[in-house]
Amino acid sequence: MKYVTAFLLITMIFLVSCQQQQKEGTMSENEPDITVRLAAYAATTIGPDISFLTDKQKQLVIKLVEAGKLADQIFWKQSCPDAIAIRDSLKNATTKEGKDLYRYVLINYGPYDRIYEGKRFVGTGLEKKPDVGGYYPLDMTKQKFEAYIKAHPEKKAELESQYTVVMREGDALKAVPFHQAYPEVLQIAQKLDEAAALSDNQSLKRYLQLRAKAIRTDDYYESDMAWMDITDNKIDVVIGPIENYEDALYNYKTAYECAVVVKDPEGTKELQMFNAHINAFEKNLPEDPKYIRASAGSGNILEVVNIVYFGGDFQKGVKTIAASLPNDPRVTQAKGGKKQMYKNMMEAKFEKIVVPIAQKILEPSLLPFVDKKAFTSFVTLHEVSHTLGRGFVYGKDDLSVRKALQERYSSIEECKADVLGMYNNMYLVKEKIVSDDYVKRSMVTYLAGLYRSLRFGAEEAHGRANLIQLNFLREKGAIVRTPTGKFSINKATFFDVLGQLAHEILTIEAEGDYARAGKILEAYGKINKEISEVVSSLKNIPRDLDTKYAY
């Protein structure tokens with residue numbers, strides 16, 4: 001899972017229905033101007049210092065970036081059916097508007113705006129980004145899909161697989177494995193084999209070789225296990241079909257992505273202390289004791305790294321600042337997870353976005369407590385918290401929580417990670433691991449971060465997760481608005497209310513309760529007038545980063 005935090009608000013007062021046809025390369029008069037949209041992304045060059053690497057290691061990094069650019073090409077196909085056609089139609093634009101639209105298509109990986117409720121901003125066709133992404137026939141619905149599987153149960157596993165594209169073959173549905181659907185797969189595998197040959201680190205070499213094999217076969221278990229066994233490495237890579245966000249129909253299908261990173265040893269050392277307390281976090285979860293596992297999984301790894309390159313699902317729209325992987329519950333049950341914090345990406349967002357928002361919306365007395373370290377540490381605890389709670393439904397070890405909650409899973413899971421990321425501070429302060437001053441900095445920075453998050457795409461899982469938190473905390477009085485219109489925190493009730501929300505989310509996951517997940521999303525995962533007003537007041541502050549990479 002990734003930590004991006006997202007949801008749209010301000011755009012609802014701008015966007016209108018676009019039933020009329022548009023010319024390619026132009027926008028409707030009633031939509032926000034393309035210059036306004038582009039201003040939401042602060043141009044940022046990501047280029048970490050890699051001078052500490054040997055020449056051979058630098059060659060390895062470049063080889064991994066080459067593999068990542070091929071993964072990026074696959075993601076264009078998975079984003080939506082007309083993403084590539086729209087991109088290529090604008091590639092040689094000569095007008096300023098055409099060039100701006102091209103840049104914005106690159107940011108969004110297609111003609112649908114990821115921070116404007118997935119609505120089309122260029123070209124003709126469906127007004128809103130289709131739930132099917134690039135994975136199913138365009139007219140596919142849940143009813144049609146489930147009816148077909150009911151009639152053809154022998155095809156259920158392959159059609160629901162994370163690693164297949166569903167196509168029509170006459171009146172039948174056919175599941176095509178990714179390694180057959182995408183010719184770039186063989187090139188990616190070759191690049192990984194070449195990178196492995198450059199590695200002097202045997203554990204990294206083994207992972208890259210197994211990942212190449214996995215890319216060729218769509219069987220990732222062995223390589224995921226090997227990824228957890230990498231030690232003493234300065235370089236790492238996440239590559240392949242991993243996250244499920246693009247499949248808005250079911251959250252079944254995975255999207256190709258790549259993150260090439262180099263280690264930040266000092267930052268990693270500072271954050272290792274969380275690793276020693278993961279089982280204690282699990283034991284202290286605010287849920288029915290019968291749902292609490294004996295262990296959160298051994299081998300959890302915490303790392304601070306710097307981004308060299310993002311491609312595919314990592315790079316779309318709102319940029320990821322951390323990840324907790326692998327997603328396979330079999331691996332996390334056996335070995336825990338690897339939580340990587342993307343330091344250079346986090347720091348860029350904190351300086352360019354979080355601080356200006358805090359200055360705009362928080363009570364002045366809270367501003368001294370907006371803290372960069374609290375921001376990065378919260379992200380760390382968020383990723384640690386993905387490991388907590390049940391990966392399989394209680395009493396049904398063959399049914400994963402992801403499968404039980406279907407398209408509602410991602411929002412519920414991201415909400416869990418956020419809420420527990422804050423809630424676990426109570427354990428840390430009780431054990432005198434952190435100070436009361438640190439907890440206050442964490443609370444204030446979390447509050448500013450919530451409003452940052454509410455300015456992103458309405459179709460983003462992290463967005464609904466953050467709306468649930470804000471609306472719940474406001475309703476219960478844990479976050480208060482003062483007569484000046486600024487926001488503050490009710491310290492007396494803040495963690496009690498967080499515990500209530502955590503209990504609800506953990507119970508939904510433990511029981512695999514699809515209906516109950518729908519109820520909390522319906523009750524709290526919505527935009528209201530106050531949120532719209534606040535976000536409107538932030539219109540001159542960038543929403544996210546438009547990143548370019550030096551390597």
Residue that is nearest to the chain's Cα centre (by Cα) [pool: residues in the range 215-227 that are crowded, with 23+ Cβ neighbours inside 10 Å and hydrophobic (A, V, I, L, M, F, W, C)]: 227
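Per-residue answers, yes or no, for (1) farther than 27 Å from residue 261 by Cα; (2) assigned to a strand (DSSP E or B); (3) in contact with a His (Cβ under 9 Å, 6 or more places away or on another chain); (4) of a type in the set (D, E, K, R):
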residue: 340; (1), (2), (3), (4): no, yes, no, no
residue: 346; (1), (2), (3), (4): no, no, no, no
residue: 375; (1), (2), (3), (4): no, no, no, no
residue: 418; (1), (2), (3), (4): no, no, yes, yes
Pair list, Cβ under 6 Å, 6 or more apart: the range 94-118 residue more than 15 Å from residue 546 (Cα to Cα), other residue basic (Lys, Arg) and crowded, with 24+ Cβ neighbours inside 10 Å: 111/120; 112/120; 112/129; 118/129
Answer residue from the range 529-539, given it is modelled with pLDDT under 90 and of a type in the set (S, T, N, Q) and is nearest to residue 416 (Cα to Cα) among those: 532
Complete set of residues in the range 471-515 that are touching a residue at least 60 places away in the same chain (Cβ under 8 Å) and hydroxyl-bearing (Ser, Thr, Tyr): 482, 484, 488, 507, 514
Residue selected from the range 64-99 under the condition of a type in the set (A, V, I, L, M, F, W, C) and not in a helix (DSSP H, G or I), by the criterion farthest from the chain's Cα centre (by Cα): 93
Selection status of residue 280, touching a residue at least 60 places away in the same chain (Cβ under 8 Å) and surrounded by 22 or more Cβ atoms within 10 Å (Cβ to Cβ): no
Hits in the range 412-471 - residues which are within 21 Å of residue 533 (Cα to Cα) and among the acidic types (Asp, Glu): 459, 460
Helices (runs of 4 or more DSSP H) wholly inside the range 471-548 that include at least 1 residues being touching a Gly at 6+ places or on another chain (Cβ under 8 Å): 494-511
Qualifying residue in the range 61-74 (condition: buried (at least 17 other Cβ atoms within 10 Å of the Cβ), at pLDDT 95 or above and in contact with a Ser or Thr (Cβ under 7 Å, 6 or more places away or on another chain)): no
Some residue of the range 439-449 being of a type in the set (S, T, N, Q), under 26 Å from the mean Cα position of the chain (by Cα), modelled with pLDDT of 95 or more and closer than 21 Å to residue 367 by Cα: yes
Qualifying positions in the range 422-470 - without any contact (Cβ under 8 Å) to a residue 40 or more places away in the chain and touching a Gly at 6+ places or on another chain (Cβ under 9 Å): none
Unmet requirement for residue 180, which otherwise passes all of (1) more than 24 Å from the chain's Cα centre (by Cα); (2) within 30 Å of residue 425 (Cβ to Cβ): (2)
Number of the condition not met by residue 115 [criteria: (1) part of a strand (DSSP E or B); (2) farther than 16 Å from residue 253 by Cα; (3) within 27 Å of the chain's Cα centre (by Cα)]: (1)
Residue that is modelled with the highest pLDDT [pool: residues in the range 377-416 that are of a type in the set (S, T, N, Q) and not in a helix (DSSP H, G or I)]: 400
Wholly enclosed helices (runs of 4 or more DSSP H) of the range 192-309 bearing at least 3 residues within 30 Å of residue 160 (Cβ to Cβ): 202-217, 221-228
Residues of the range 152-188 that turn out to be in contact with a His (Cβ under 9 Å, 6 or more places away or on another chain) and either assigned to a helix (DSSP H, G or I) or under 15 Å from residue 241 (Cβ atoms) (or both), as a count: 4
Subset tally (residues that are farther than 18 Å from residue 309 by Cα, buried (at least 17 other Cβ atoms within 10 Å of the Cβ) and over 22 Å from the mean Cα position of the chain (by Cα)) for the range 228-238: 1
Tally, over the range 133-164, of residues that are in contact (Cβ under 8 Å) with a residue 60 or more places away in the chain, buried (at least 17 other Cβ atoms within 10 Å of the Cβ), within 25 Å of residue 217 (Cβ to Cβ) and not aromatic (Phe, Trp, Tyr): 5
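The values are calculated or read from the model by the stated rules, or taken from the named source; none is laboratory data. If you're wondering where the values come from, they're calculated on a predicted model, not measured in any experiment. Because the Cβ atoms are built from the backbone with ideal geometry, glycine has one as well, and the counts that use them run over all protein chains shown.
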